[in-house]
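Structure first, then comments.
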Amino acid sequence: MQHGDSTANANNSVDSKNLVNSGDVMDRDGVVKAQTLHWVRDFIVAHTICPFAQREVERDSVRIEVVRSKKLAVALEELMAEVAWLDEHEQAETSLLVFPTLFRDFEHYLDFVDIAESLLAEQRYEGVYQLATFHPDYCFADAAPEDAANYTNRSPYPMLHLLREASLEKAIAAYGDTEQIPERNIAYLEALGGDAAEAILARCMREESRE
């Protein structure tokens, strides 16, 4: 009986440890989601970086999912799982896949984006979903790393933004001349300055929750 009790106690300890670890991951994922939502609200929406974002935030139709893996293959699997989820939940307009433990190097992230776009095309999702790209060190091909304009695509963590192509086309048609949006953002951020944009991003990273 004593040996049996010891085994049971050991199993209980393992179960308790697993529950604690699972809780820790959930807590950390909650922080990542909160920080990402703060960035969407306090930067993307508040500074009108994307004129379509406010409506979706107000409708609570933005889904944020954290992919906590260190393997490229898992990231691609999670991308296709998210696509399948969006297929089944038409009320969800858009989805942000956040990778807090992957793609810290921007060039590696760009390699992942190329593979992800090819995978979507192979699975016949070209024209159905569009990928928008965001990274803490995002740098446009024709820009210097310190250029403030890069902050249009700089985010708290590496992420992919999945958008429904049909909804995007409707939004563009209703908005009018969308070619002015990038030009406006560049001019706005250059006037705001890289230090100010970085400070906003840093505030989003410090905050863990919002009532």
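We did not get these values from a lab; they are worked out from the coordinates using the rules stated. Here the structure is a predicted model, which is why all the values come from computation and not from measurement. Here the Cβ is made from the backbone with ideal geometry for all residues, glycine too, and neighbour counts use every protein chain on show.
Considering every alpha-carbon pair of segment 43-158, the percent of pairs per 10 Å bin, from zero through the bin containing the longest distance, is 12, 41, 38, 8, 0. Between residue 54 and residue 169, the contour length at 0.36 nm per residue exceeds the Cα-Cα span by 39.7 nm.
For residue 108 and residue 47, calculate 0.36 nm times their separation in residues minus their Cα-Cα distance, and state this gained length in nm to one decimal. All intermediate terms of the calculation are to be shown ahead of the outcome.
On the way: separation 61, 0.36 × 61 = 21.96 nm, distance 2.88 nm.
Contour length minus Cα-Cα distance gives 19.1 nm.
Magnitude of the charge dipole for the chain, about its Cα centre and with charges confined to Cβ atoms of Lys, Arg (+1) and Asp, Glu (-1), is about 560 debye.
Taking a straight Cα-Cα cut-off under 18 Å and skipping sequence neighbours fewer than 8 places away in the same chain, the aspartates and glutamates within cross-link reach of residue 33 are 24, 42, 56, 58, 60, 65, 78, 82, 93, 207, 208, 211.
Taking the C-alpha atoms only, the angle from helix 72-88 to the longest principal axis of the chain is near 70 degrees.
Given their separation in residues at 0.36 nm each and the Cα-Cα distance between them, residue 126 and residue 101 gain 6.3 nm when the chain is fully extended.
When the helices of the chain are scored as -39500 (n - 2.57) per DSSP H run of n ≥ 4 and the total is divided over every residue, the value at 222 nm lands at -18000 deg cm²/dmol.
Two decimals, Cα atoms only, Kirkwood Rh: what is Rg/Rh over the chain?
Values: Rg = 20.1 Å, Rh = 19.0 Å.
Rg/Rh for the chain comes to 1.06.
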